[in-house]
Each structure stands twice: as C-alpha cells, then as structure tokens.
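Read through the structure below, which is laid out as structure tokens, and then see the notes.
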Amino acid sequence: MNAAVIRSGNRVNCQLAVVGTGMAGMAAAIFAANRGLSVVQAGKASEISFSSGCLDLFSGIPGAERFENPFKGIEALIARQPNHPYARVSRDEIVHGFEEFTGFMNGAGIRYHCTPETNQQIITPAGTLKSTWCVPSAMIAGTRALAGKQRILIVDIRGLKGFGARQMAQNLKAAHPCMGSVTVEFPGREKAGDLMCERLTWDLETPDVLSRFIKVLRPHVGGYDAVGLPAILGIYRFEELRAKMEKALGTAVFEIPTLAPSVTGMRTKEAYLGQLSETAVRHFPVSVKEIQTDDNGFCFNVAEGMNTLEIRAEHLIVATGRFLGRGLGVNDKGIIKEMLFDLPVTQTAKRSDWFHRDFFNVQGHPVNRAGIETDEVFRPLGRDGKIRHPKLYAAGSIIAHQDWKREKSGSGISIVSAYKAVNHLAKVLKGS
Ligand SMILES: Cc1cc2nc3c(=O)[nH]c(=O)nc-3n(C[C@H](O)[C@H](O)[C@H](O)COP(=O)(O)OP(=O)(O)OC[C@H]3O[C@@H](n4cnc5c(N)ncnc54)[C@H](O)[C@@H]3O)c2cc1C
C-alpha cells in the first residue's frame with residue numbers, strides 16, 4: 001500500500017523527493033514507489049535521450065583490463081579503486097537492483113535480456129562492438145546472431161546521417177566475416193535529402209509505410225539469418241512493428257542504436273513515464289531552482305501549469321547528473337560546482353589538469369571522475385567530511401570516483417546507488 005502524496009492547496013507533502021529524471025532518478029522513483037513511499041519527482045530531459053537503451057554494468061578498468069564477466073571486473077576494480085561507488089554495494093544489491101528496475105520496465109513494455117555472468121555484445125553505428133549487460137529485446141536478435149556467427153545484413157537508408165551500413169559491415173568483417181550491407185530508399189522520403197531517425201520512426205508507426213518498407217527490404221534479405229536496421233521501429237509500438245517485420249520477411253530483425261538523440265533512449269523515457277502513471281509517484285517535468293533545508297527535510301517550488309506548488313519532502317535524492325544533466329557546473333574561476341546544494345566536488349587542483357593532451361587517452365580524462373563524495377549509503381558529505389544532511393542522498397553519475405563512459409557502467413552506477421539509497425531511507429522511515 002503506497003503512502004499518498006498529500007496535497008493541501010498549493011502545498012504537497014511527501015516522504016521522498018527525487019530531483020532528476022535520468023537513469024538514476026527513474027530508478028530511485030521506481031524503488032521508492034515499490035516500497036510504498038509517497039514520492040514527488042522533478043526533472044527535465046536527461047542523458048537517457050542519448051543512450052543506446054542497453055543497461056551497462058561494467059566492462060573494464062580504464063587503461064587496464066577488460067572483463068567479460070562484469071562481477072569479476074567489479075571485484076578487480078574495487079581492489080584498485082576502493083573509493084569507487086561500486087565499493088559501497090554488494091553483488092546481491094547489484095543483482096536485486098537490476099531485477100527490480102528491469103521488472104518495472106518489463107511492465108512498461110521494454111524487455112531486457114541479461115545473462116548472469118557475462119556481458120553481451122551489440123553493434124554500434126560506428127561499426128564496432130559494444131559490451132553491455134542487459135540488451136533490450138529490440139536488439140537481442142543481433143546479439144544472438146553475433147554470438148552464433150550467423151549471417152547478418154546491415155541496412156541503412158539513403159539520406160540518414162551517421163549510419164553507414166557498408167562502413168559498419170567493413171569494420172566488423174574481421175570479427176564477424178558473415179556480414180553484408182545494403183542501402184535502401186525509405187518509402188515516401190526518396191527525395192527528402194537529409195533524414196532524421198525520429199521522423200522515420202513516426203512514419204513507420206503508420207501501417208501503410210511499414211508495409212511499403214517491408215516491400216523495399218524483401219528482395220535483399222534472402223540468405224541472411226538476421227537483419228539489422230537503424231533504431232527506427234517506433235517509439236510506442238516497437239515490439240509489434242518488429243514482430244510484423246520478422247513475420248513478413250521470414251528472418252530475425254534487430255535494431256542498431258543510432259547517434260544522439262536516439263530513439264531507443266526516447267523509448268525508455270516514454271515507457272517509464274507511461275508506467276509511472278500506474279504508481280503513486282507525482283512527476284513534474286520541470287527544473288528545481290532552489291531547495292530550502294531544515295531538520296525536517298526539504299522544501300522547493302515546482303510549476304504546474306500556471307500554478308506554483310510548494311513541495312515539502314522528508315527525504316531527498318539528488319540525481320541531477322553531471323555537466324549535460326546540469327547537476328555539475330563550472331563557476332567563473334574554473335571550479336566545478338554542484339548546482340543545487342553547493343556540495344563540495346572532488347576535482348583536480350587545476351583546470352588545466354581536467355583533460356589529458358590526447359583526447360583518446362585510454363585512462364579517461366580526470367574531469368570525468370569529478371563528483372560528490374558520499375557515505376556508504378550514498379548520503380553526500382559536506383566540506384567537513386561529515387554527512388551534509390541525514391535525509392539527503394545522491395544517486396547516479398554525479399557521484400565521484402567513477403568514469404562511466406570508459407568503464408561502461410552508466411546504468412549500473414545509477415541503478416545500484418539509487419537502490420542502496422532508497423533501501424536505506426525506506427528502512428529509516430519504517431523505523432520512525
Ligand atoms: C551518448 C550517451 C550514450 C549512453 N549510452 C549508454 C548505454 O548504452 N548504456 C548505459 O548504461 N548508459 C549509457 N549512457 C549513460 C547513461 O545515460 C548515464 O549514465 C546516465 O544517464 C546517468 O544518469 P543520471 O541519472 O545520473 O544523469 P542524467 O541522465 O544526466 O540525468 C540528470 C537529470 O537531472 C535533471 N536535473 C538536473 N538539474 C536539475 C534541477 N535543478 N532540477 C530538476 N532536475 C534537474 C536533468 O534534467 C536530468 O533529468 C549514455 C549516455 C550518453 C550521453
């Protein structure tokens with residue numbers, strides 16, 4: 001039974017406010033709703049809109065070893081970097097956090113395929129292979145075809161930028177010799193010039209366009225076990241569109257994530273928001289300007305239409321991301337700042353040390369490890385090294401000592417930090 005968010009006039013009382021709607025904010029709101037807490041969530045679009053849609057846990061230590069087994073990798077990582085956020089969670093917490101998150105998303109229509117002990121591979125638009133832990137069903141046929149050394153046809157669309165089937169197949173041929181490519185015209189867009197994935201996605205939601213596209217593909221697919229398309233098979237009815245295509249073509253069909261903004265990321269966001277309406281979480285797609293804090297908790301304003309609502313929350317999770325999400329910013333002295341609470345940010349002594357001279361340095365750039373410090377249950381620390389507020393928590397990429405891009409740990413850090421934080425605060429609330 002969920003505790004209700006209580007509204008009285010323009011004041012809304014809740015047990016937990018989640019600021020941020022990226023992977024960490026979404027995970028925190030899901031976990032809190034599942035534990036019956038009353039939750040308000042505020043936040044605008046996030047890095048999710050750029051994501052491949054896969055859930056990465058861990059693939060490698062930057063500049064050192066790569067791991068097929070993410071858990072073995074995490075063990076090695078913690079041994080080298082005891083202050084990494086993964087050092088604060090157990091294997092069981094990781095597994096249960098992922099199970100709960102993917103369970104919710106499954107209900108929302110996005111099914112993930114996770115293999116317990118190994119990372120899986122997907123094809124990227126650069127024609128490389130990317131390791132990830134959980135692959136959405138839209139991409140799993142490609143993962144299986146790669147693993148089974150099957151014949152794969154990559155299809156691109158004339159006019160679609162950043163997705164070249166021929167180049168991808170060429171790049172992948174060394175690792176996967178049975179790879180073909182073809183360029184086709186998109187029905188109704190033959191003379192359109194540059195094409196965008198979102199536009200094609202909306203087009204394919206129309207049954208007539210879908211059947212014309214299938215007709216365009218049919219002559220090319222013979223002799224292939226799986227056909228890889230750019231991720232354009234719908235924002236809402238993606239399972240249905242892909243199933244129709246597979247049936248009509250008589251071969252497995254999978255999507256390859258595209259460059260940002262990616263349809264797969266938008267799909268994740270839309271599915272989450274759709275399923276959230278089944279919970280008691282109140283979601284506000286707005287930015288929070290200022291948060292007041294006292295011993296009882298947190299107070300901030302959100303806009304709802306023409307109204308301003310005052311949110312009073314007993315606990316708060318700051319899941320505002322890094323520079324792209326605007327959880328971190330830089331002041332005019334070149335110092336990295338945490339934007340909402342002015343929490344101290346661990347960073348290099350000088351701005352000139354943020355980046356290595358070589359952009360592709362395999363160690364990753366030091367600026368990507370900047371972030372806030374937390375205790376064992378992800379409560380941010382103040383300048384004195386003590387927890388800043390007993391009811392304030394953090395989750396996701398804002399936390400220091402990780403480089404999710406290099407480690408391939410973006411969703412993992414978000415999900416497990418949110419899981420640990422919510423479990424802790426739910427226990428505190430139960431005891432109070
Ligand atoms: C190009 C790209 C590809 C990626 N691909 C993958 C992938 O394949 N697999 C994977 O696991 N991860 C991937 N990621 C990473 C993953 O998306 C991030 O790790 C993850 O989004 C970090 O989540 P976060 O919630 O911490 O931050 P963000 O996603 O940045 O979210 C921060 C949120 O906080 C909100 N916010 C900030 N300030 C305020 C404020 N004052 N008031 C209200 N809201 C606020 C923002 O609006 C946003 O909603 C990718 C990221 C990028 C950029």
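Return a yes/no flag: does region 220-229 have any residue that is outside any loop (DSSP other than H, G, I, E, B) and more than 29 Å from the chain's Cα centre (by Cα).
Keep residues of region 220-229 that are outside any loop (DSSP other than H, G, I, E, B), which gives 220, 226-229.
After this cut, where a residue has to be more than 29 Å from the chain's Cα centre (by Cα) as well, the list is 220.
Looking for residues that are outside any loop (DSSP other than H, G, I, E, B) and more than 29 Å from the chain's Cα centre (by Cα), one finds at least one in region 220-229, hence yes.
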ask   = Within the set of pairs 6+ apart or on separate chains, which have a first residue in region 376-391 that is within 18 Å of residue 340 (Cα to Cα), a second that is of a type in the set (Ser, Thr, Tyr), and C-beta atoms under 7 Å apart?
value = 378/393; 378/417; 379/393; 380/374; 381/374; 389/293
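Taking the condition buried (at least 17 other Cβ atoms within 10 Å of the Cβ) and either assigned by TED's automatic domain parsing to the domain that holds residue 152 or within 26 Å of residue 321 (Cβ to Cβ) (or both), does residue 255 pass? Explain how you work it out, then say what you get.
Working: buried (at least 17 other Cβ atoms within 10 Å of the Cβ): yes; either assigned by TED's automatic domain parsing to the domain that holds residue 152 or within 26 Å of residue 321 (Cβ to Cβ) (or both): yes.
It is true that residue 255 is buried (at least 17 other Cβ atoms within 10 Å of the Cβ) and either assigned by TED's automatic domain parsing to the domain that holds residue 152 or within 26 Å of residue 321 (Cβ to Cβ) (or both).
Does region 327-337 include one or more residues that are outside any strand (DSSP E or B), among the polar types (S, T, N, Q) and surrounded by 23 or more Cβ atoms within 10 Å (Cβ to Cβ)? Explain how you work it out, then say what you get.
Initial filter on region 327-337 (outside any strand (DSSP E or B)): 327, 331-335.
Adding the requirement that they be among the polar types (S, T, N, Q) leaves 331.
Narrowing the set further to residues that are surrounded by 23 or more Cβ atoms within 10 Å (Cβ to Cβ) leaves none.
No.
Using the structure shown, decide if residue 357 is assigned to a loop (DSSP other than H, G, I, E, B), near the ligand (Cβ under 10 Å from one of its atoms) and modelled with pLDDT under 95. Talk me through it step by step, then tell me what you get.
On the way: assigned to a loop (DSSP other than H, G, I, E, B): yes; near the ligand (Cβ under 10 Å from one of its atoms): no; modelled with pLDDT under 95: yes.
Against the criterion (assigned to a loop (DSSP other than H, G, I, E, B), near the ligand (Cβ under 10 Å from one of its atoms) and modelled with pLDDT under 95), residue 357 does not qualify.
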key: Complete set of residues in region 365-374 that are part of a loop (DSSP other than H, G, I, E, B) and among the small types (Gly, Ala, Ser)   = 370
task = Could you check residue 186 against (1) of a type in the set (Phe, Trp, Tyr); (2) closer than 30 Å to residue 36 by Cα; (3) away from the ligand (no atom under 16 Å from the Cβ) and say which number it fails?
result = (2)
task = Give just the number: which of (1) aliphatic (A, V, I, L, M); (2) over 30 Å from residue 7 (Cα atoms); (3) within 12 Å of the ligand (Cβ to nearest atom); (4) part of a strand (DSSP E or B) does residue 259 not satisfy?
result = (4)
query = Taking only pairs six or more apart or across chains, which ones have beta-carbon atoms under 6 Å, a first residue in region 6-25 that is touching a residue at least 12 places away in the same chain (Cβ under 8 Å), and a second residue that is among the basic types (Lys, Arg) and more than 15 Å from the ligand (Cβ to nearest atom)?
reply = 13/312
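In region 332-345, which residues are more than 16 Å from the ligand (Cβ to nearest atom) and at pLDDT 95 or above?
Taking region 332-345 as the starting set, the residues that turn out to be more than 16 Å from the ligand (Cβ to nearest atom) are 332-335, 344.
Within region 332-345, 335, 344 meet the criteria.
Restricting attention to helices (runs of 4 or more DSSP H) lying wholly within region 1-110, give those where 1 or more residues are away from the ligand (no atom under 15 Å from the Cβ), surrounded by fewer than 22 Cβ atoms within 10 Å (Cβ to Cβ) and aromatic (Phe, Trp, Tyr). Lay out the reasoning, then the answer.
Working: elements: 23-34, 70-80, 91-107.
So the answer is 70-80.
Condition test on residue 301, is it within 30 Å of residue 3 (Cα to Cα) and either not charged (D, E, K, R) or not in a helix (DSSP H, G or I) (or both)?
Numbers: within 30 Å of residue 3 (Cα to Cα): yes; either not charged (D, E, K, R) or not in a helix (DSSP H, G or I) (or both): yes.
Spelling it out, residue 301 is indeed within 30 Å of residue 3 (Cα to Cα) and either not charged (D, E, K, R) or not in a helix (DSSP H, G or I) (or both).
Kindly indicate whether any position in region 390-410 is over 21 Å from the mean Cα position of the chain (by Cα), assigned to a loop (DSSP other than H, G, I, E, B) and at pLDDT 95 or above.
In the first step, residues of region 390-410 are kept if they are over 21 Å from the mean Cα position of the chain (by Cα); the result is 390-392.
When the remaining residues are screened for being assigned to a loop (DSSP other than H, G, I, E, B), the result is 390-391.
From what's left, at pLDDT 95 or above: 390-391.
Scanning region 390-410, I find at least one residue that is over 21 Å from the mean Cα position of the chain (by Cα), assigned to a loop (DSSP other than H, G, I, E, B) and at pLDDT 95 or above, so the answer is yes.
Test of understanding: among 377, 362, which residue is part of a loop (DSSP other than H, G, I, E, B), of a type in the set (Val, Ile, Thr), under 21 Å from residue 405 (Cβ atoms) and within 27 Å of the chain's Cα centre (by Cα)?
Numbers: 377 fails: under 21 Å from residue 405 (Cβ atoms).
After applying the criteria, what remains is 362.
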key: Residues of region 277-301 classified as surrounded by 14 or more Cβ atoms within 10 Å (Cβ to Cβ) and touching a strand residue (DSSP E or B) at 6+ places or on another chain (Cβ under 6 Å), total   = 12
Count of region 156-206 residues which are surrounded by fewer than 18 Cβ atoms within 10 Å (Cβ to Cβ), among the hydrophobic types (A, V, I, L, M, F, W, C) and in a helix (DSSP H, G or I) = 1
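Criterion first (out of contact with any helix residue (DSSP H, G or I) (no Cβ under 6 Å at 6 or more places or on another chain), more than 16 Å from residue 42 (Cβ to Cβ), within 16 Å of the ligand (Cβ to nearest atom) and assigned by TED's automatic domain parsing to the domain that holds residue 402) does residue 323 satisfy it? Walk me through it before giving the result.
Numbers: out of contact with any helix residue (DSSP H, G or I) (no Cβ under 6 Å at 6 or more places or on another chain): yes; more than 16 Å from residue 42 (Cβ to Cβ): yes; within 16 Å of the ligand (Cβ to nearest atom): yes; assigned by TED's automatic domain parsing to the domain that holds residue 402: yes.
Judged against the criteria, residue 323 is a match.
The values are calculated or read from the model by the stated rules, or taken from the named source; none is laboratory data. Since the structure is predicted, the reported quantities are computational estimates derived from the model, not experimental observations. All Cβ positions, even for glycine, are placed from backbone atoms using ideal geometry, and neighbour counts span all protein chains on display.
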